[in-house]
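A.B. asks: Okay, handing you the structure first.
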Amino acid sequence: MSGTFVGMPVFPPPAHAAFPPPAHAAFLPPAHAAFLPPAHPAFPKAAHEAVHNTTLRGNLRHATHTIRAKRAKAVAEVSDWAALREAGKQIKDHTLRHLDGYLVRLEEAVTAAGGTVHWAADADEANRIVTELVKATGETEVVKVKSMATQEIGLNEALEAEGIHAYETDLAELIVQLGKDRPSHILVPAIHRNRGEIRDIFAREMSEWGRPAPEGLTDTPAELAEAARLHLREKFLRAKVGVSGANFMVAETGTLVVVESEGNGRMCLTLPETLISVVGIEKIVPTWQDLEVLLQTLPRSSTAERMNPYTSMWTGTTDEDGPQTFHLVLLDNGRTDTLADEVGRQALRCIRCSACLNVCPVYERAGGHAYGSVYPGPIGAILSPQLRGTASEIDASLPYASSLCGACYEVCPVAIDIPEVLVHLRERVAEGGRVTKDGNKVVLKPAKGHAAERAAMRAARWAFSHPGALRTGQRLASRTRRFQPRTLPGPGKAWSASRDLPSLPAEPFRDWWQRTHGGDRR
Amino acid sequence: MSSRDLILGRVRRAIADVRQDDTPYEQAVDRSYLREHGRRSVAETVDLLAENLADYRAIVHRCASGELAATIAGLLAERAAGSVVVPAGLDAAWLAATDVTRVPDRLGSTPRELDAVDSVVTACAVAIAETGTIVLDGGPDQGRRRITLVPDHHICVVRVPDQVVSSVPQALQRLDPTRPLTWISGPSATSDIELDRVEGVHGPRTLEVVLVSDQPRADVTS
Ligand code: SF4
């Protein structure tokens, strides 16, 4: 586990903005433009490019296959894996069914323990709250623990716009930030970079940000890690404000949990005077005991370790130990809209372990950048279109960026039926339907002329330009049958009860490609 | 309307379809998973702890309580440590055999001062055999969280077998959530560069765990 689980960047500031996002540079002072990652291309284009980038594909393949094999071993060590997985699912489902109550419980517990709780309905509000909290300290620098929530809302950019520098301290995130790049994996965000590239980035950029890279830096991982250690230590030792996310929040006790490997998390969580944690409202578990399930399943699913090197737990503030001021920002930003979807809400069970990325044949070839959000891979394909809605081309195409092979469901430690949600969202895109947007019920129109499908088709060409991908698809095709619904869920039920569901949204990706392109495998 | 009310209202509308369910939480989750994995004797559990700690590159030592001071003195000497941070409640006898400069864990000391210290010696709250984890809870013999983070060398003493549990569920039962907790499994590590594992990025690069037993020396396997 390289840091907390995080992942990707910085999507567009207004979280629900239509695609394409406005260029970040437009709202930032030119002086800071250099800190910005490039704007996101659409899934089709990005996937297409990724396939032709052999370095990226090689790195990604190596990473996913390595982690995949190790994970299987780590999971096999615990004989009650199935029971733990079921318990994890039940804990999270129960929490989501009673989320209002647990949020209030959590707020009470955190407040009683000396923390302050803030509520943020969307990305803008969360960014505003954090910016004001930092400004109130008089500081212009913050150190950050890897956190997907803050990347989802574009916090670094929002802070930068107010003259506050946010330093990523996870090694991979540092590589990404110095490289003016985007993370490509939840767990190992810089997995698309090899050691030579990392050396070059450090040698070139570190001096811009603080302590320069040592003279004559080579590309051995140990030397690169040492350069990062020295560079970041300066920042840790002077930091007054830390910003984090959290892996879990315990409603009954008000305890927050961050799991990580490097110690950068512990640095950010204990050395500063003020700690600000931005956490999605779905990250709650009801009781302290619940951690016994998730602290067993998360590390093994994620980094294939029995336990990650460091786990920090804190409850409000503690006299004379750690930050004396603690703020918790509870983030909605599309989560309640996701919760309103009877089929799709299970995506909120996700504990961001990234196991589904590592088994996905589509992710392996497309790379994390192609998903156009902080959430890549299978979970990204179902979460992003729910958090942001399916109005944009990228979000409408994501439910199609899958072979429906079912491998993601098999490995998910909280048993999210990703294929089921993918099929559900395809139907939503193709047929339209009732959805909740910003808490209000609206009726979605079907995508015109299946624009999303066309986009997805273009995106998919690469998967079939590679014989290995096709074989995987064929081998797994039979396993997908159970995911093909006979009737439509929700409002479509009455309609589909009297006829067969059109196979288009439900059929395996390969068949769909074959049928619509007559075997034209470019 | 405040954002709090807005969000709670959205949540309530979002789950309006869910049937009211008054099952108490104790019964809502099937907890038929195991409390520990495998059947082991107490000695085997301690052996498993040692094995799993070592597997994650912690350096494990075993000694009887009478040898602890000498063991610690030896470890500090091996590293040529010039100074060691000492939590306020650490048993003074543990450091009786070394004349390394003691740096007290003081509220007023700055992170930079800590950065200049070579080593830290602490006790722990509990150790988990199945995962090779030691847990610190900020008790008087463990000190503030930062003292085990900034110095590059951490010696942690675990009293065996009474501080050792088998599993994560058993550890959580023993711990107090109101205390700040740090779970440590091996030294700091990263695999961010081409998945090559490198020990020690920010936390101590060397973690030495001393399993100290009250049993007479003959019963201590080494
Ligand atoms: S969906 Fe499941 S497998 Fe994928 S990241 Fe989330 S918890 Fe892990």
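The values are calculated or read from the model by the stated rules, or taken from the named source; none is laboratory data. Just so we're clear, the structure is a prediction, and the values are computed from it rather than from any experiment. Please note: Cβ atoms are built from the backbone with ideal geometry, for glycine as well, and neighbour counts cover all protein chains shown. All accessible areas refer to the heavy atoms of the entire protein, side chains included, with ligands and DNA or RNA removed. Shrake-Rupley method; radii C 1.70, N 1.55, O 1.52, S 1.80 Å.
A.B. asks: What order do B:I134, A:I129 take when sorted by accessible area (1.4 Å probe), most exposed first?
C.D. replies: A:I129, B:I134
A.B. asks: Given axes a ≥ b ≥ c from the Cα gyration tensor, I'd like to know whether the stretch B:40-213 is rounded (a/c under 1.5), prolate (a/b larger than b/c) or oblate.
C.D. replies: It is rounded, given that a/c, with a ≥ b ≥ c, falls under 1.5.
A.B. asks: A further question follows. Output the 0 to 90 degree angle, nearest 10, between the alpha-carbon long axis of helix B:42-55 and the longest principal axis computed from the alpha carbons of chain B.
C.D. replies: Taking Cα atoms only, the helix is inclined about 90 degrees.
A.B. asks: Can you give me the % of accessible surface on chain B that is carbon or sulfur? Probe 1.4 Å, all protein chains present, nothing else counted.
C.D. replies: Roughly 49 percent, rounded to a whole number.
A.B. asks: Moving on to the next point. About its Cα centre, how strong a charge dipole does the stretch B:40-213 have in debye, to the nearest 20, once Lys and Arg get +1 and Asp and Glu get -1 at the Cβ?
C.D. replies: 440
A.B. asks: Over the stretch B:40-213, what is the percentage of antiparallel beta bridges among all DSSP beta bridges, to the nearest 5?
C.D. replies: Looking only at bridges with both residues in the stretch B:40-213, the antiparallel portion is about 25 percent.
A.B. asks: To continue, here is another question. Keeping all protein chains in position, work out how much accessible area B:V29 exposes to a 1.4 Å probe, and write it in Å² to the nearest 10.
C.D. replies: B:V29 exposes around 10 Å² with every protein chain in place.
A.B. asks: Taking the solvent-accessible surface of protein heavy atoms with a 1.4 Å probe, what is the per residue accessible area of the stretch B:40-213 in Å²?
C.D. replies: Normalised by residue count, the accessible surface of the stretch B:40-213 is 33 Å².
A.B. asks: Counting Lys and Arg as +1 and Asp and Glu as -1, what is the net charge of the other residues whose Cβ lies under 11 Å from the Cβ of A:V343?
C.D. replies: -3
A.B. asks: If you take the charge dipole of the stretch B:16-89 about its Cα centre, with +1 on Lys and Arg Cβ and -1 on Asp and Glu Cβ, which of B:A28, B:L53, B:G66 is farthest toward its positive end?
C.D. replies: The residue sitting most towards the positive pole is B:G66.
A.B. asks: With a 1.4 Å probe and every protein chain left in place, tell me how much accessible area B:D47 has, in Å² to the nearest 10.
C.D. replies: The value for B:D47 is about 70 Å².
A.B. asks: With all protein chains present and a 1.4 Å probe, how do B:E208, A:E108 order by accessible area, largest first?
C.D. replies: A:E108, B:E208
A.B. asks: Related question: Can you list the residues in the stretch B:115-134 whose accessible area drops by at least 40 Å² when all protein chains are present, compared with the chain alone? Use a 1.4 Å probe, heavy atoms only.
C.D. replies: B:D115, B:T131
A.B. asks: Which net charge results for the neighbourhood of B:S191, defined as the other residues with beta-carbon distances under 11 angstrom from its beta-carbon, given Lys and Arg at +1 and Asp and Glu at -1?
C.D. replies: Taking every other residue near B:S191 into account, the sum is -4.
A.B. asks: Separate question: I need the Debye-formula profile for the stretch B:22-125: one equal scatterer per C-alpha, no solvent, reported as log10 I(q)/I(0) at q = 0.13, 0.22 1/Å, two decimals.
C.D. replies: Log10 I(q)/I(0), no solvent term: -0.69, -1.25.
A.B. asks: Would you give the gap between the C-alpha center of the stretch A:95-128 and the C-alpha center of the stretch B:166-206, rounded to a whole Å?
C.D. replies: Centre-to-centre distance over Cα atoms comes out at 27 Å.
A.B. asks: Tell me, what HN-Hα J-couplings in whole Hz come from the Karplus equation 6.51 cos²θ - 1.76 cosθ + 1.60 at θ = phi - 60° for each residue of the stretch A:199-207, using x for Gly and Pro?
C.D. replies: 4, 4, 4, 4, 4, 7, 9, 4, 5
A.B. asks: Rank these by accessible area, largest first, 1.4 Å probe: A:D290, A:D200, A:D181, B:D99.
C.D. replies: The ordering from most to least exposed comes out as B:D99, A:D200, A:D181, A:D290.
A.B. asks: Among the listed pairs A:K283/A:K441; A:K146/A:K240; A:K92/A:K146; A:K146/A:K445; A:K89/A:K235; A:K240/A:K283, which are separated by more than 28 Å between their Cα atoms?
C.D. replies: Among A:K283/A:K441; A:K146/A:K240; A:K92/A:K146; A:K146/A:K445; A:K89/A:K235; A:K240/A:K283, the Cα-Cα distance tops 28 Å for A:K146/A:K445; A:K89/A:K235.
A.B. asks: Give me a comma-separated list of calculated 3J(HN,Hα) values for the stretch A:314-320, in order, Karplus coefficients 6.51, -1.76, 1.60 applied at θ = phi - 60°, integers in Hz, x for any Gly or Pro.
C.D. replies: Values per residue, Gly and Pro as x: 9, 10, x, 10, 10, 3, 6 Hz.
A.B. asks: Continuing with this model, one more query. Report, to the nearest 10°, how far helix B:3-14 tilts away from the longest principal axis of the Cα atoms in chain B, using its own Cα long axis and a range of 0 to 90°.
C.D. replies: Relative to chain B, helix B:3-14 is tipped by roughly 60 degrees.
A.B. asks: Work out from phi, with θ = phi - 60° and the Karplus expression 6.51 cos²θ - 1.76 cosθ + 1.60, the ³J(HN,Hα) of each residue of the stretch A:376-384, listed in order in whole Hz, and give x for Gly and Pro.
C.D. replies: Result, rounded to whole Hz: x, x, x, 5, x, 5, 9, 7, 4.
A.B. asks: Oh, and also: Counting only other residues whose beta carbon sits under 13 Å from that of A:G196, what net charge do I get with K and R as +1, D and E as -1?
C.D. replies: After counting each charged neighbour, the total is -1.
A.B. asks: Something else now. Using only protein heavy atoms and a 1.4 Å probe, how much accessible area in total is buried between A and B, to the nearest 100 Å²?
C.D. replies: In total, chains A and B hide about 7500 Å² from solvent.
A.B. asks: Suppose each label sits 7 Å from its Cα in the direction of the beta carbon; what would the B:Q27-A:E234 distance come out to in nanometres?
C.D. replies: 6.2
A.B. asks: Which cross-chain or sequence-distant (5 or more) residues have an amide H under 5 Å from the amide H of A:E305, H modelled 1.01 Å from N in plane?
C.D. replies: For A:E305, whose amide H was placed from the backbone, the distant partners under 5 Å are A:R300.
A.B. asks: Something else: Tell me the label-point distance for the pair B:A43, B:A80, using the 7 Å Cα-to-Cβ offset, in nm and rounded to one decimal.
C.D. replies: Distance between label points: 4.0 nm.
A.B. asks: I'd like to know which of B:L114, B:V126, B:V212 lies farthest towards the positive end of the charge dipole of the stretch B:40-213, counting +1 on Cβ of Lys and Arg and -1 on Cβ of Asp and Glu.
C.D. replies: Positive-most Cα among the choices belongs to B:L114.
A.B. asks: While we're here: Distance between Cα centroids, the stretch B:2-75 to the stretch A:182-230: provide it in whole Å.
C.D. replies: Here the answer is 34 Å between Cα centres.
A.B. asks: Would you work out which of A:G265, A:G210, A:A172 lies farthest towards the positive end of the dipole of the stretch A:159-265? Charges go on Cβ: Lys and Arg +1, Asp and Glu -1.
C.D. replies: A:G210
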